[in-house]
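Chemist: My questions all concern the structure below.
The values are calculated or read from the model by the stated rules, or taken from the named source; none is laboratory data. Since this is a predicted model, take the numbers as computed values, not measurements. Note: ideal-geometry Cβ built from the backbone for every residue, glycine included; neighbour counts use all protein chains shown. SASA here: full protein model, heavy atoms, side chains in, ligands and nucleic acids out. Shrake-Rupley method; radii C 1.70, N 1.55, O 1.52, S 1.80 Å.
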Amino acid sequence: MKIQIATAFLIVTLCLVSFAIGAESSAASHDSVQSRVQQEYPSLFELYKDLHAHPELSLEEEKTAARLAEELRKAGYEVTTGVGKHGVVALLRNGKGPTVLVRTDLDALPVKEQTGLPYASTAMTKDAQGKDVSVMHACGHDAHIACLVGTARVLAQLKEQWHGTLVLIGQPAEERGSGARAMLADGLFKRFPIPDYCLALHDDAELPAGTIGYIPGYALANVDSVDVTIHGVGGHGAYPHKTRDPIVLAAQIIIGLQTIVSREVQPGEPAVVTVGSIHGGTKHNIIPDEVRLQLTVRSYTDQVRQQTIEAIKRIVRGQAIAAGVPEDRLPEVKLGDEFTPATYNDPELTGKLVAVFKSWFGESNVIRKKPTMGGEDFSEYGRTERKIPICMFMIGGVKPEAVKESQLTGKPLPSLHSPFWAPLPEPTIKTGVTAMSAAVLELMKKDTER
(Lines give C-alpha, C1' and ligand atoms only; values in the text may rest on other atoms or scores of the structure.)
Protein backbone atom coordinates (compact mmCIF):
# COMPACT_ATOMS: atom_id res chain seq x y z
CA MET A 1 0.00 0.00 0.00
CA LYS A 2 2.81 2.39 0.98
CA ILE A 3 4.62 1.56 -2.26
CA GLN A 4 1.47 2.32 -4.26
CA ILE A 5 1.00 5.65 -2.47
CA ALA A 6 4.66 6.53 -3.00
CA THR A 7 4.43 5.61 -6.68
CA ALA A 8 1.29 7.71 -7.12
CA PHE A 9 2.94 10.63 -5.32
CA LEU A 10 5.98 10.33 -7.60
CA ILE A 11 3.80 10.33 -10.72
CA VAL A 12 1.88 13.39 -9.56
CA THR A 13 5.11 15.16 -8.70
CA LEU A 14 6.61 14.39 -12.10
CA CYS A 15 3.45 15.65 -13.82
CA LEU A 16 3.53 18.87 -11.83
CA VAL A 17 7.20 19.37 -12.59
CA SER A 18 6.58 18.66 -16.29
CA PHE A 19 3.66 21.11 -16.30
CA ALA A 20 5.76 23.75 -14.56
CA ILE A 21 8.61 23.29 -17.02
CA GLY A 22 6.14 23.48 -19.93
CA ALA A 23 4.54 26.63 -18.53
CA GLU A 24 7.94 28.19 -17.94
CA SER A 25 9.03 27.26 -21.47
CA SER A 26 5.82 28.71 -22.90
CA ALA A 27 6.26 31.95 -20.98
CA ALA A 28 9.86 32.19 -22.18
CA SER A 29 8.65 31.65 -25.75
CA HIS A 30 6.06 34.42 -25.37
CA ASP A 31 8.64 36.81 -23.98
CA SER A 32 11.24 36.03 -26.64
CA VAL A 33 8.75 36.52 -29.49
CA GLN A 34 7.24 39.69 -28.09
CA SER A 35 10.60 41.31 -27.37
CA ARG A 36 11.74 40.62 -30.93
CA VAL A 37 8.48 41.91 -32.38
CA GLN A 38 8.99 45.14 -30.43
CA GLN A 39 12.53 45.34 -31.72
CA GLU A 40 11.57 44.73 -35.36
CA TYR A 41 8.46 46.88 -35.53
CA PRO A 42 10.06 50.25 -36.44
CA SER A 43 11.71 48.81 -39.56
CA LEU A 44 8.56 46.79 -40.41
CA PHE A 45 6.53 50.00 -40.26
CA GLU A 46 8.96 51.67 -42.66
CA LEU A 47 8.69 48.66 -44.97
CA TYR A 48 4.88 48.83 -44.78
CA LYS A 49 4.84 52.53 -45.65
CA ASP A 50 7.11 51.99 -48.64
CA LEU A 51 4.98 49.12 -49.93
CA HIS A 52 1.80 51.10 -49.36
CA ALA A 53 3.13 54.07 -51.32
CA HIS A 54 4.33 51.90 -54.23
CA PRO A 55 1.60 49.33 -55.01
CA GLU A 56 1.53 47.15 -58.12
CA LEU A 57 -1.42 45.48 -59.83
CA SER A 58 -1.84 41.71 -60.22
CA LEU A 59 0.80 40.14 -62.51
CA GLU A 60 2.88 43.33 -62.29
CA GLU A 61 4.36 42.80 -58.81
CA GLU A 62 7.99 42.86 -59.98
CA LYS A 63 9.32 45.51 -57.56
CA THR A 64 7.20 44.27 -54.65
CA ALA A 65 8.51 40.73 -55.15
CA ALA A 66 12.09 41.99 -55.41
CA ARG A 67 11.77 43.92 -52.14
CA LEU A 68 10.31 40.90 -50.36
CA ALA A 69 13.07 38.65 -51.72
CA GLU A 70 15.70 41.12 -50.51
CA GLU A 71 14.22 41.23 -47.00
CA LEU A 72 14.05 37.43 -46.75
CA ARG A 73 17.64 37.00 -47.94
CA LYS A 74 18.76 39.47 -45.28
CA ALA A 75 16.94 37.35 -42.70
CA GLY A 76 18.99 34.29 -43.71
CA TYR A 77 16.62 32.41 -46.03
CA GLU A 78 17.35 30.58 -49.29
CA VAL A 79 15.31 32.59 -51.79
CA THR A 80 14.01 31.69 -55.24
CA THR A 81 12.23 34.29 -57.36
CA GLY A 82 10.13 34.12 -60.52
CA VAL A 83 7.94 31.21 -59.38
CA GLY A 84 4.64 31.58 -61.23
CA LYS A 85 5.95 34.82 -62.79
CA HIS A 86 6.51 37.08 -59.75
CA GLY A 87 6.21 34.54 -56.93
CA VAL A 88 8.86 34.33 -54.20
CA VAL A 89 9.78 31.16 -52.27
CA ALA A 90 12.08 31.31 -49.23
CA LEU A 91 13.35 28.34 -47.21
CA LEU A 92 14.84 28.08 -43.75
CA ARG A 93 15.97 24.55 -42.95
CA ASN A 94 16.34 23.74 -39.27
CA GLY A 95 16.88 20.01 -38.97
CA LYS A 96 14.40 17.16 -39.15
CA GLY A 97 10.78 17.96 -38.41
CA PRO A 98 7.55 19.26 -39.93
CA THR A 99 7.39 21.51 -42.98
CA VAL A 100 5.16 24.56 -42.61
CA LEU A 101 4.29 26.97 -45.41
CA VAL A 102 3.32 30.59 -44.68
CA ARG A 103 1.91 32.67 -47.52
CA THR A 104 1.51 36.37 -48.18
CA ASP A 105 -0.08 37.96 -51.23
CA LEU A 106 1.65 40.79 -53.12
CA ASP A 107 -0.78 42.58 -55.42
CA ALA A 108 -2.81 45.78 -55.13
CA LEU A 109 -6.05 47.00 -56.71
CA PRO A 110 -7.10 49.57 -59.35
CA VAL A 111 -8.49 51.97 -56.74
CA LYS A 112 -7.76 55.69 -56.19
CA GLU A 113 -6.69 56.07 -52.56
CA GLN A 114 -8.63 58.54 -50.39
CA THR A 115 -7.29 57.70 -46.91
CA GLY A 116 -5.41 60.98 -46.49
CA LEU A 117 -2.41 59.13 -45.05
CA PRO A 118 0.96 60.85 -45.41
CA TYR A 119 2.24 57.75 -47.25
CA ALA A 120 -0.89 57.34 -49.40
CA SER A 121 -0.42 55.92 -52.88
CA THR A 122 -0.46 58.27 -55.87
CA ALA A 123 0.60 55.48 -58.25
CA MET A 124 -0.88 55.25 -61.73
CA THR A 125 -0.49 52.50 -64.30
CA LYS A 126 -2.24 50.90 -67.26
CA ASP A 127 -4.54 47.96 -66.62
CA ALA A 128 -4.83 44.83 -68.77
CA GLN A 129 -7.07 46.73 -71.21
CA GLY A 130 -4.54 49.57 -71.58
CA LYS A 131 -6.63 52.00 -69.54
CA ASP A 132 -4.95 54.44 -67.13
CA VAL A 133 -5.90 53.54 -63.54
CA SER A 134 -4.90 54.51 -60.01
CA VAL A 135 -3.38 51.78 -57.84
CA MET A 136 -3.83 51.22 -54.11
CA HIS A 137 -3.25 48.54 -51.48
CA ALA A 138 -6.96 48.62 -50.62
CA CYS A 139 -6.99 45.04 -49.31
CA GLY A 140 -4.05 45.23 -46.90
CA HIS A 141 -1.60 43.03 -48.79
CA ASP A 142 1.16 45.49 -47.84
CA ALA A 143 0.44 44.74 -44.17
CA HIS A 144 0.47 41.01 -44.97
CA ILE A 145 3.95 41.36 -46.49
CA ALA A 146 5.22 43.27 -43.47
CA CYS A 147 3.83 40.52 -41.21
CA LEU A 148 5.56 37.81 -43.25
CA VAL A 149 8.90 39.62 -43.11
CA GLY A 150 8.50 40.13 -39.36
CA THR A 151 7.65 36.45 -38.88
CA ALA A 152 10.67 35.47 -40.97
CA ARG A 153 13.00 37.56 -38.81
CA VAL A 154 11.55 36.37 -35.49
CA LEU A 155 11.69 32.68 -36.39
CA ALA A 156 15.21 32.97 -37.81
CA GLN A 157 16.30 34.38 -34.45
CA LEU A 158 14.52 31.65 -32.48
CA LYS A 159 15.76 28.53 -34.26
CA GLU A 160 16.47 26.84 -30.94
CA GLN A 161 12.72 26.75 -30.25
CA TRP A 162 11.58 24.86 -33.37
CA HIS A 163 12.72 22.28 -35.89
CA GLY A 164 11.84 21.36 -39.43
CA THR A 165 11.63 23.39 -42.64
CA LEU A 166 9.92 26.74 -42.93
CA VAL A 167 8.65 27.71 -46.39
CA LEU A 168 7.63 31.35 -46.84
CA ILE A 169 6.00 32.41 -50.11
CA GLY A 170 5.05 35.71 -51.67
CA GLN A 171 2.19 35.00 -54.06
CA PRO A 172 1.23 37.22 -56.99
CA ALA A 173 -2.22 37.85 -58.49
CA GLU A 174 -4.44 36.94 -55.54
CA GLU A 175 -6.95 39.59 -56.60
CA ARG A 176 -7.32 37.87 -59.97
CA GLY A 177 -7.57 34.42 -58.42
CA SER A 178 -4.73 33.05 -60.53
CA GLY A 179 -1.55 33.46 -58.49
CA ALA A 180 -1.77 30.31 -56.38
CA ARG A 181 -2.50 28.16 -59.43
CA ALA A 182 0.42 29.76 -61.26
CA MET A 183 2.85 28.97 -58.42
CA LEU A 184 1.57 25.40 -58.13
CA ALA A 185 1.82 24.92 -61.90
CA ASP A 186 5.40 26.19 -61.74
CA GLY A 187 6.33 23.43 -59.30
CA LEU A 188 5.75 24.92 -55.84
CA PHE A 189 5.07 21.46 -54.38
CA LYS A 190 7.59 19.71 -56.65
CA ARG A 191 10.65 21.97 -56.66
CA PHE A 192 10.37 22.83 -52.96
CA PRO A 193 9.60 20.85 -49.77
CA ILE A 194 5.99 19.73 -49.54
CA PRO A 195 4.32 21.30 -46.50
CA ASP A 196 2.50 19.46 -43.76
CA TYR A 197 0.49 22.62 -43.08
CA CYS A 198 -0.22 25.86 -44.97
CA LEU A 199 -0.97 29.08 -43.08
CA ALA A 200 -1.98 32.62 -44.04
CA LEU A 201 -3.41 35.69 -42.38
CA HIS A 202 -5.63 38.48 -43.67
CA ASP A 203 -6.39 41.89 -42.26
CA ASP A 204 -10.01 42.38 -41.17
CA ALA A 205 -11.93 45.63 -41.73
CA GLU A 206 -14.49 44.86 -39.00
CA LEU A 207 -12.41 43.62 -36.07
CA PRO A 208 -10.56 45.95 -33.67
CA ALA A 209 -6.80 46.11 -34.12
CA GLY A 210 -5.11 43.75 -31.67
CA THR A 211 -7.72 41.00 -32.04
CA ILE A 212 -7.73 37.78 -34.07
CA GLY A 213 -10.65 36.26 -35.97
CA TYR A 214 -11.07 32.65 -37.01
CA ILE A 215 -13.56 30.51 -38.97
CA PRO A 216 -13.33 26.71 -38.82
CA GLY A 217 -14.50 24.79 -41.89
CA TYR A 218 -15.81 26.75 -44.87
CA ALA A 219 -14.62 30.33 -44.44
CA LEU A 220 -14.72 31.81 -47.94
CA ALA A 221 -16.65 30.91 -51.05
CA ASN A 222 -16.26 29.39 -54.48
CA VAL A 223 -16.25 32.43 -56.77
CA ASP A 224 -17.16 32.19 -60.46
CA SER A 225 -17.49 34.98 -63.00
CA VAL A 226 -20.06 34.12 -65.67
CA ASP A 227 -20.59 36.03 -68.93
CA VAL A 228 -23.91 35.62 -70.75
CA THR A 229 -24.33 36.93 -74.28
CA ILE A 230 -27.97 37.08 -75.32
CA HIS A 231 -28.54 37.23 -79.09
CA GLY A 232 -31.77 38.58 -80.48
CA VAL A 233 -33.11 39.84 -83.77
CA GLY A 234 -32.95 43.62 -83.75
CA GLY A 235 -35.13 46.20 -85.43
CA HIS A 236 -37.20 49.35 -85.01
CA GLY A 237 -38.73 49.99 -81.59
CA ALA A 238 -42.06 50.76 -83.26
CA TYR A 239 -42.27 47.25 -84.77
CA PRO A 240 -41.35 44.85 -81.94
CA HIS A 241 -43.36 42.05 -83.57
CA LYS A 242 -40.72 41.90 -86.30
CA THR A 243 -37.88 41.33 -83.78
CA ARG A 244 -36.77 38.98 -81.05
CA ASP A 245 -36.09 41.53 -78.33
CA PRO A 246 -32.94 40.58 -76.32
CA ILE A 247 -33.64 43.26 -73.71
CA VAL A 248 -36.99 41.75 -72.72
CA LEU A 249 -35.35 38.32 -72.85
CA ALA A 250 -32.53 39.54 -70.61
CA ALA A 251 -35.09 40.80 -68.09
CA GLN A 252 -36.87 37.42 -68.07
CA ILE A 253 -33.54 35.61 -67.66
CA ILE A 254 -32.51 37.83 -64.75
CA ILE A 255 -35.78 37.10 -62.93
CA GLY A 256 -35.45 33.40 -63.74
CA LEU A 257 -31.91 33.28 -62.32
CA GLN A 258 -33.20 34.47 -58.96
CA THR A 259 -35.17 31.25 -58.56
CA ILE A 260 -32.00 29.12 -58.49
CA VAL A 261 -31.08 29.89 -54.89
CA SER A 262 -34.68 30.23 -53.66
CA ARG A 263 -36.13 27.17 -55.40
CA GLU A 264 -33.37 24.80 -56.52
CA VAL A 265 -30.55 24.91 -53.97
CA GLN A 266 -31.37 22.99 -50.80
CA PRO A 267 -32.31 25.35 -47.93
CA GLY A 268 -29.33 25.79 -45.62
CA GLU A 269 -26.81 25.47 -48.45
CA PRO A 270 -25.41 28.97 -49.09
CA ALA A 271 -25.30 30.27 -52.66
CA VAL A 272 -25.40 33.62 -54.44
CA VAL A 273 -26.30 34.48 -58.04
CA THR A 274 -25.85 38.20 -58.69
CA VAL A 275 -26.19 39.96 -62.04
CA GLY A 276 -23.72 42.79 -61.63
CA SER A 277 -23.77 44.24 -65.13
CA ILE A 278 -26.19 44.49 -68.06
CA HIS A 279 -25.30 46.16 -71.36
CA GLY A 280 -27.39 46.43 -74.51
CA GLY A 281 -28.84 48.93 -76.93
CA THR A 282 -27.82 52.34 -78.28
CA LYS A 283 -30.97 54.44 -78.75
CA HIS A 284 -34.55 54.87 -77.55
CA ASN A 285 -36.21 53.48 -80.65
CA ILE A 286 -33.82 50.69 -81.62
CA ILE A 287 -34.22 47.10 -80.45
CA PRO A 288 -30.64 45.76 -80.37
CA ASP A 289 -29.27 42.48 -81.63
CA GLU A 290 -27.46 41.66 -78.39
CA VAL A 291 -27.42 42.12 -74.61
CA ARG A 292 -24.52 41.11 -72.35
CA LEU A 293 -24.83 40.12 -68.70
CA GLN A 294 -22.02 39.69 -66.16
CA LEU A 295 -22.70 37.48 -63.13
CA THR A 296 -20.88 36.62 -59.95
CA VAL A 297 -21.81 33.16 -58.66
CA ARG A 298 -20.82 32.00 -55.16
CA SER A 299 -21.17 28.86 -53.07
CA TYR A 300 -19.25 26.72 -50.60
CA THR A 301 -19.48 23.12 -51.76
CA ASP A 302 -18.39 21.87 -55.17
CA GLN A 303 -21.78 20.16 -55.54
CA VAL A 304 -23.75 23.39 -55.10
CA ARG A 305 -21.35 25.22 -57.39
CA GLN A 306 -21.90 22.75 -60.19
CA GLN A 307 -25.66 22.65 -59.59
CA THR A 308 -25.85 26.45 -59.79
CA ILE A 309 -23.80 26.73 -62.98
CA GLU A 310 -25.86 24.07 -64.71
CA ALA A 311 -29.07 25.79 -63.64
CA ILE A 312 -27.84 29.09 -65.11
CA LYS A 313 -27.14 27.41 -68.44
CA ARG A 314 -30.53 25.68 -68.45
CA ILE A 315 -32.54 28.81 -67.58
CA VAL A 316 -30.72 31.00 -70.11
CA ARG A 317 -31.25 28.50 -72.91
CA GLY A 318 -34.83 27.69 -71.90
CA GLN A 319 -35.94 31.33 -71.75
CA ALA A 320 -34.41 31.98 -75.17
CA ILE A 321 -36.21 29.01 -76.71
CA ALA A 322 -39.48 30.14 -75.12
CA ALA A 323 -38.97 33.60 -76.65
CA GLY A 324 -38.62 32.07 -80.10
CA VAL A 325 -34.94 32.79 -80.59
CA PRO A 326 -33.64 30.74 -83.54
CA GLU A 327 -31.33 27.80 -82.78
CA ASP A 328 -28.37 29.57 -84.37
CA ARG A 329 -28.96 32.65 -82.16
CA LEU A 330 -29.25 30.95 -78.76
CA PRO A 331 -27.34 32.63 -75.88
CA GLU A 332 -23.74 31.86 -74.97
CA VAL A 333 -22.75 31.18 -71.35
CA LYS A 334 -19.03 31.34 -70.55
CA LEU A 335 -17.23 30.81 -67.24
CA GLY A 336 -14.42 33.24 -66.54
CA ASP A 337 -10.85 32.12 -65.95
CA GLU A 338 -10.59 33.83 -62.56
CA PHE A 339 -12.33 31.10 -60.55
CA THR A 340 -11.31 30.71 -56.92
CA PRO A 341 -12.41 27.60 -54.98
CA ALA A 342 -13.85 27.81 -51.48
CA THR A 343 -11.42 28.21 -48.60
CA TYR A 344 -11.89 25.35 -46.13
CA ASN A 345 -10.01 25.86 -42.90
CA ASP A 346 -9.10 22.43 -41.56
CA PRO A 347 -11.08 22.22 -38.28
CA GLU A 348 -8.40 20.31 -36.35
CA LEU A 349 -5.63 22.66 -37.43
CA THR A 350 -7.81 25.70 -36.77
CA GLY A 351 -8.72 24.43 -33.31
CA LYS A 352 -5.05 23.94 -32.46
CA LEU A 353 -4.18 27.48 -33.55
CA VAL A 354 -7.14 29.01 -31.74
CA ALA A 355 -5.96 27.41 -28.48
CA VAL A 356 -2.53 28.92 -29.05
CA PHE A 357 -3.94 32.36 -29.86
CA LYS A 358 -6.10 32.36 -26.74
CA SER A 359 -3.10 31.53 -24.58
CA TRP A 360 -1.07 34.32 -26.17
CA PHE A 361 -3.71 37.05 -26.58
CA GLY A 362 -6.47 36.14 -24.11
CA GLU A 363 -9.85 34.58 -24.87
CA SER A 364 -11.66 37.90 -25.31
CA ASN A 365 -9.29 38.90 -28.13
CA VAL A 366 -9.83 35.74 -30.19
CA ILE A 367 -13.18 35.99 -31.98
CA ARG A 368 -15.09 33.40 -33.97
CA LYS A 369 -16.47 34.94 -37.16
CA LYS A 370 -19.16 33.80 -39.60
CA PRO A 371 -18.21 32.51 -43.05
CA THR A 372 -18.44 35.05 -45.86
CA MET A 373 -19.08 34.91 -49.59
CA GLY A 374 -15.76 36.59 -50.38
CA GLY A 375 -13.13 34.59 -52.25
CA GLU A 376 -9.43 33.77 -51.73
CA ASP A 377 -7.12 31.64 -53.85
CA PHE A 378 -5.17 30.57 -50.75
CA SER A 379 -7.67 27.70 -50.90
CA GLU A 380 -5.74 26.19 -53.81
CA TYR A 381 -2.93 24.99 -51.51
CA GLY A 382 -5.37 22.69 -49.71
CA ARG A 383 -6.92 21.25 -52.86
CA THR A 384 -3.94 19.47 -54.39
CA GLU A 385 -3.74 15.68 -54.45
CA ARG A 386 -2.23 15.61 -50.96
CA LYS A 387 -5.12 17.62 -49.40
CA ILE A 388 -2.76 19.55 -47.12
CA PRO A 389 -4.49 21.07 -44.04
CA ILE A 390 -4.72 24.84 -44.40
CA CYS A 391 -5.84 27.70 -42.18
CA MET A 392 -6.29 31.39 -42.84
CA PHE A 393 -6.99 33.54 -39.79
CA MET A 394 -7.86 37.23 -39.55
CA ILE A 395 -6.12 40.08 -37.76
CA GLY A 396 -8.22 43.07 -36.76
CA GLY A 397 -7.15 46.33 -38.42
CA VAL A 398 -9.66 48.94 -37.20
CA LYS A 399 -9.18 51.53 -34.47
CA PRO A 400 -11.09 50.12 -31.47
CA GLU A 401 -12.83 53.50 -30.97
CA ALA A 402 -14.09 53.40 -34.57
CA VAL A 403 -15.52 49.91 -34.05
CA LYS A 404 -17.38 51.08 -30.92
CA GLU A 405 -18.71 54.16 -32.70
CA SER A 406 -19.94 52.03 -35.60
CA GLN A 407 -21.71 49.67 -33.19
CA LEU A 408 -23.37 52.56 -31.36
CA THR A 409 -24.37 54.73 -34.34
CA GLY A 410 -24.65 52.28 -37.19
CA LYS A 411 -22.11 54.29 -39.17
CA PRO A 412 -20.48 51.83 -41.58
CA LEU A 413 -16.75 51.20 -41.46
CA PRO A 414 -14.65 51.32 -44.65
CA SER A 415 -14.58 47.84 -46.13
CA LEU A 416 -11.81 45.93 -47.82
CA HIS A 417 -11.34 47.30 -51.37
CA SER A 418 -12.64 50.71 -50.24
CA PRO A 419 -10.53 53.79 -51.19
CA PHE A 420 -10.76 54.75 -47.51
CA TRP A 421 -9.43 51.45 -46.10
CA ALA A 422 -6.01 51.02 -44.57
CA PRO A 423 -5.35 48.91 -41.46
CA LEU A 424 -4.08 50.67 -38.36
CA PRO A 425 -0.38 49.70 -38.60
CA GLU A 426 0.12 49.44 -34.83
CA PRO A 427 -0.89 47.10 -33.32
CA THR A 428 -2.10 45.29 -36.47
CA ILE A 429 1.37 44.41 -37.77
CA LYS A 430 2.61 43.46 -34.32
CA THR A 431 -0.43 41.24 -33.82
CA GLY A 432 0.10 39.57 -37.20
CA VAL A 433 3.78 38.84 -36.59
CA THR A 434 3.15 37.59 -33.05
CA ALA A 435 0.21 35.39 -34.06
CA MET A 436 1.93 33.84 -37.06
CA SER A 437 5.15 33.24 -35.11
CA ALA A 438 3.15 31.60 -32.32
CA ALA A 439 1.31 29.42 -34.84
CA VAL A 440 4.51 28.22 -36.49
CA LEU A 441 6.21 27.58 -33.15
CA GLU A 442 3.25 25.44 -32.10
CA LEU A 443 3.31 23.36 -35.29
CA MET A 444 7.10 23.00 -35.32
CA LYS A 445 7.88 22.69 -31.64
CA LYS A 446 10.69 20.35 -30.67
CA ASP A 447 8.47 17.46 -29.53
CA THR A 448 6.54 17.39 -32.85
CA GLU A 449 7.25 14.35 -34.99
CA ARG A 450 7.00 14.59 -38.75
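Chemist: Under a 5 Å amide H to amide H cut-off, with H placed in plane at 1.01 Å, what residues pair with residue 108 once short-range neighbours are removed?
Modeler: Long-range HN contacts for residue 108: 56, 57, 58.
Chemist: Order 122, 384 by their accessible area, 1.4 angstrom probe, all chains in place, largest first.
Modeler: Most to least solvent-accessible, the answer reads 122, 384.
Chemist: Next up: Ignoring ligands, DNA and RNA, what percent of the accessible area of the chain is carbon or sulfur (1.4 Å)?
Modeler: The value for the chain is 55 percent carbon and sulfur by accessible area.
Chemist: Which Cα, out of 375, 106, 243, lies furthest along the positive dipole direction of the chain (beta carbon charges, K/R +1, D/E -1)?
Modeler: Of the candidates, 375 comes out farthest on the positive side.
Chemist: Could you pull the accessible area for residue 383 with a 1.4 Å probe, rounded to 10 Å²?
Modeler: Rounded to the nearest 10, that gives 100 Å².
Chemist: Something else now. Can you sort 194, 287 by solvent-accessible area, 1.4 Å probe, largest first?
Modeler: In descending accessible area the options line up as 194, 287.
Chemist: Hey, another quick one. Give me the accessible area per residue for the range 37-128, probe 1.4 Å, as a whole number in Å².
Modeler: On a per-residue basis, 45 Å².
Chemist: With a 10 Å radius around each residue's Cβ, average the other Cβ atoms per peptide and rank 152-159, 318-325, 229-236, 425-432, highest first.
Modeler: By packing density, highest mean first, the sequence is 425-432, 152-159, 229-236, 318-325.
Chemist: While we're here: Size of the range 104-164 along its principal axes in angstrom, Cα-based, largest extent first?
Modeler: Answer, in whole Å and largest first: 51, 28, 13 Å.
Chemist: With charges only on Cβ, +1 for K and R and -1 for D and E, what is the dipole size of the chain about its Cα centre, in debye, rounded to 20?
Modeler: Charge dipole of the chain: 620 debye, to the nearest 20.
Chemist: Given +1 on the Cβ of Lys and Arg, -1 on the Cβ of Asp and Glu, and no further charges, what dipole in debye does the range 25-69 carry about its Cα centre, rounded to the nearest 20?
Modeler: Here the range 25-69 has a charge dipole of around 160 debye.
Chemist: Relative contact order, percent, of the chain when contacts are C-alpha pairs under 8 Å separated by at least 6 residues?
Modeler: 22 percent
Chemist: Using θ = phi - 60° and the Karplus form 6.51 cos²θ - 1.76 cosθ + 1.60, what ³J(HN,Hα) does each residue of the range 53-65 get, whole Hz, x for Gly and Pro?
Modeler: Ordered by residue, 3J(HN,Hα) equals 7, 10, x, 9, 5, 3, 6, 10, 7, 4, 6, 4, 5 Hz.
Chemist: For the full complex of protein chains and a 1.4 angstrom probe, list 360, 421 by accessible area with the highest value first. List each step's numbers first, then the result.
Modeler: Working: 360 40, 421 10 Å².
Highest to lowest solvent-accessible surface, that is 360, 421.
Chemist: Using a simple charge model, +1 on the beta-carbon of Lys and Arg, -1 on the beta-carbon of Asp and Glu, nothing else, what dipole does the range 289-328 show about its Cα centre, in debye to the nearest 20?
Modeler: 280 debye
Chemist: Positive end of the charge dipole of the chain (Lys, Arg +1 and Asp, Glu -1 on Cβ, about the Cα centre): tell me which of 152, 193, 177 has its Cα farthest that way.
Modeler: Looking along the dipole axis, the top candidate is 193.
Chemist: Here's another thing I want to ask about it. Under 5 Å between amide hydrogens, which residues at least 5 positions from residue 209 or on another chain qualify, with H placed 1.01 Å from N in the peptide plane?
Modeler: 397, 398, 399
Chemist: Each residue of the range 97-110 in order: what ³J(HN,Hα) in whole Hz does its phi give by Karplus 6.51 cos²θ - 1.76 cosθ + 1.60, θ = phi - 60°, with x for Gly and Pro?
Modeler: Per residue, the Karplus-derived 3J(HN,Hα) values read x, x, 10, 10, 9, 10, 10, 10, 9, 10, 8, 10, 10, x Hz.
Chemist: Now a separate question. For a quick check of understanding: with a 1.4 angstrom probe and all protein chains in place, what accessible area in square angstrom does residue 60 have, to the nearest ten?
Modeler: Using a 1.4 Å probe on the heavy atoms, I get roughly 70 Å².
Chemist: Give, to the nearest whole percent, the P(r) tail of the range 184-284 beyond 22 angstrom, counting all Cα pairs.
Modeler: The calculated P(r) of the range 184-284 puts 63 percent of pairs beyond 22 Å.
Chemist: Just want the answer: with Cβ charges of +1 for Lys and Arg and -1 for Asp and Glu, which residue in 395, 414, 432 is farthest toward the dipole's positive end in the range 387-443?
Modeler: 414
Chemist: Pull up the cross-link candidates among the lysines for residue 358, meaning alpha carbon to alpha carbon under 20 Å and not fewer than 8 places away within one chain.
Modeler: Those lysines meeting the cut-off are 369, 370, 430, 445.
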